[in-house]
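Read the structure below first, then the notes.
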């Protein structure tokens with residue numbers, strides 16, 4: 001009897017929880033799936049749809065990171081703090097089984113039932129077409145370039161300011177312009193995009209690898225300088241250091 005081929009496709013949206021805890025082999029499979037839109041099983045090759053979204057939910061408690069090449073494929077990041085988690089629980093409680101569809105000041109806007117996607121394929125095609133028409137002036141392009149340069153030159157940064165990150169930054173600023181209903185990129189959109197693009201990419205230096213140690217800096221002074229520094233602090237420091245065009 002002839003065996004039927006396994007022609008199942010990969011789901012259009014994948015949410016991978018605690019992906020940074022996965023083994024190296026699993027992370028390599030995820031990288032293959034995102035980069036080539038396909039994954040192999042023992043019996044077949046499974047492909048994704050043309051529009052495909054991969055979301056990784058990472059735990060930051062252990063400090064474990066994704067494999068560098070996989071981490072660099074993710075365009076943007078958002079960090080949920082314990083305070084935001086409590087806020088979401090409060091909103092869920094206020095929208096209990098007996099609550100109405102009317103939004104309250106504490107509950108936020110009520111989302112429609114998820115019988116259909118919030119963004120259809122036609123919406124995404126329209127977004128892409130609109131992004132191609134967004135203007136990026138020479139002054140704003142120079143501002144974006146300077147942010148990348150300052151990020152690479154920061155004494156707090158050990159790595160993560162890669163070429164894919166710059167490509168994602170340029171794409172995101174145009175998408176944000178369309179979502180804000182404007183036809184040009186503003187400096188504030190560049191700063192917003194930088195906060196999202198570099199949040200998961202930047203690797204901070206240690207007292208031993210900080211560059212001034214090559215010229216005889218005191219390691220205790222360097223350790224004191226780096227104490228408490230976060231990726232968010234570094235991004236804000238860079239944005240404050242780059243002159244914003246008028």
* Single match in 165, 221, 193 (criterion: exposed (fewer than 13 other Cβ atoms within 10 Å of the Cβ) and assigned to a helix (DSSP H, G or I)) -> 221
* Does residue 177 count as within 18 Å of the chain's Cα centre (by Cα), at pLDDT 95 or above and assigned to a helix (DSSP H, G or I)? -> yes
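Please pick out the residue among 188, 212 that is without any contact (Cβ under 8 Å) to a residue 12 or more places away in the chain and either more than 16 Å from residue 148 (Cβ to Cβ) or not in a helix (DSSP H, G or I) (or both).
Details: 212 fails: without any contact (Cβ under 8 Å) to a residue 12 or more places away in the chain.
The conditions single out 188.
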* Determine the pairs where a residue that is surrounded by fewer than 13 Cβ atoms within 10 Å (Cβ to Cβ), located within region 25-42, has a partner that is in a helix (DSSP H, G or I) with Cβ atoms under 7 Å apart, the partner being 6 or more residues away or on another chain. => 35/73
* Report whether or not residue 231 is in the same structural domain as residue 148 (by TED's automatic domain parsing), crowded, with 18+ Cβ neighbours inside 10 Å, out of contact with any helix residue (DSSP H, G or I) (no Cβ under 8 Å at 6 or more places or on another chain) and within 30 Å of residue 138 (Cβ to Cβ). => yes
* To do: Would you mind stating whether residue 129 is out of contact with any helix residue (DSSP H, G or I) (no Cβ under 9 Å at 6 or more places or on another chain), at pLDDT 95 or above and exposed (fewer than 15 other Cβ atoms within 10 Å of the Cβ)?
  => no
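The values are calculated or read from the model by the stated rules, or taken from the named source; none is laboratory data. Because the structure is predicted, anything quoted here is derived from the model rather than measured. Note that we place each Cβ from the backbone using ideal geometry, even for glycine, and neighbour counts take in every protein chain shown.
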